[in-house]
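Just so it is clear, none of the values below were taken in a lab; they were calculated from the coordinates. Everything numeric in this text was worked out from a predicted model, so none of it was measured. For neighbour counting, all protein chains shown are included, and Cβ atoms are generated from backbone atoms with ideal geometry for every residue, glycine included.
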Amino acid sequence: MKATIKDSVVHALERMKTLDPESRSQLFLEFGEFIFSDIDMDDVLVVPSPDA
């Protein structure tokens, strides 16, 4: 799970480099909500990797 979150953060930060200020702000707010909100595991869809 930590690797997935790290990859997600890196992708979002890289994407911010190419966005206009309004879109960058919206992405930042959306990602902040993801980081600071509690995760209800009943609402999370987890797909097993092919190696499992």
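Here are the numbers for this structure:
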{"item": "Expected 222 nm ellipticity per residue - DSSP helices of 4 or more, -39500 (n - 2.57), all of the chain, to 500", "result": "-19500 deg cm²/dmol"}
{"item": "Difference of contour (0.36 nm per residue) and Cα-Cα distance, Ser49 to Ala12", "result": "11.1 nm"}
{"item": "Packing-based order for 20-28, 43-51, using average beta carbon neighbours within 10 Å, highest first", "result": "20-28, 43-51"}
{"item": "Cα extents of the chain along the three principal axes, largest first (Å)", "result": "41, 24, 14"}
